[in-house]
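For reference, the structure discussed in these notes is given below.
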Amino acid sequence: MGDGESSGTGHLYPRVLLKISGESLMGKQAYGIDPDMVATVAKEVRDVIDLGVEVCLVIGGGNIFRGVSGAAAGMERATGDYMGMLATVMNALAMQNALEALDMPTRVLSALPISAVCEPYIRRRAVRHLEKGRVVIFAAGTGNPFFTTDTAAALRASEMGCAALLKGTRVDGVYSADPEKDPKAVRYDRLSYLQVLSDDLKVMDASAVSLARENNIPILVFSIEDAGGFQRVLRHEGKFTIVS
């Protein structure tokens with residue numbers, strides 16, 4: 001989907017937030033962190049920064065622990081969610097390590113203060129890191145149970161004044177049904193926020209979509225497993241779905 005829109009620098013957005021699920025970091029494993037997959041995502045981020053774009057990230061924790069499935073197994077939901085937040089901190093540290101191996105200065109800012117391993121989340125500090133050309137990884141979601149990392153991504157994108165929220169998934173956009181299960185699933189090029197909410201399309205949860213809509217931040221959904229995909233989406237090239 002090429003919209004022919006382009007700025008002089010070859011990309012459309014000066015500052016973006018990339019949201020990836022914890023599952024994206026599993027690679028072909030059943031759970032946990034695949035170092036090769038983390039390195040692949042880190043290279044995608046480096047290539048985008050080389051274009052002159054400021055990048056911040058939110059990474060889910062589902063590869064290590066999911067609060068919802070813990071709750072389903074009889075655990076108190078709030079406890080499960082806090083455990084999930086700690087899982088996102090582990091993923092953030094793994095990603096920081098991979099980015100710094102590529103000589104990209106990176107800071108992890110956690111909504112839960114864990115001063116031994118990362119900085120506490122302070123909005124102005126995060127903005128300053130981005131202005132200095134550092135990659136900022138926001139860990140521990142919003143710091144509150146009952147909110148997903150999708151909502152955390154929309155919140156941080158709003159707070160940072162990001163021009164777009166990119167969701168890197170295992171598929172190349174938003175489909176009418178799960179394309180891995182339904183061969184008749186149709187891929188959308190464009191959707192409105194209201195369509196996503198009214199049709200209950202599984203782009204992000206409703207509170208994340210509503211927050212992006214209120215702050216007029218487009219959501220671009222693409223495949224993070226597609227080499228060079230992150231860079232192409234910023235130029236509005238390749239396959240992706242834009243929600244605006």
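Taken together, the values in this text are just the output of simple stated rules run on the coordinates, not laboratory data. Bear in mind the structure is a predicted one, so any value in this text is a computation, not a measurement.
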### Query
Cα extents of the range 98-228 along the three principal axes, largest first, in whole Å?
49, 31, 25
### Summary
Going through Lys132/Lys202; Lys28/Lys132; Lys28/Lys239 one by one, the pairs whose alpha carbons sit over 26 Å apart turn out to be Lys132/Lys202; Lys28/Lys132
### Task
Compute the whole-percent fraction of alpha carbon pairs in the chain spaced more than 33 Å apart.
11
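Counting only DSSP beta bridges with both residues in the range 15-239, what percent are antiparallel, rounded to the nearest 5?
That works out to approximately 5 percent antiparallel.
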### Query
Relative contact order for the range 15-239: what is it in percent, counting Cα pairs under 8 Å that are at least 6 residues apart?
22
### Query
To one decimal place, what Kirkwood hydrodynamic radius in Å is obtained for the range 44-173 from all pairs of distinct Cα atoms?
15.1
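Let me have the 222 nm mean residue ellipticity of the chain computed from DSSP H runs of 4+ only, each contributing -39500 (n - 2.57), with the sum over all residues rounded to the nearest 500. Don't skip to the end; give the middle numbers.
Values: 8 runs with 87 residues, N = 244.
Helix contribution divided over all residues of the chain: -11000 deg cm²/dmol.
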### Task
Report Rg (one decimal) and Dmax (nearest whole number) for the range 164-244, counting Cα atoms only, units Å.
12.0, 35
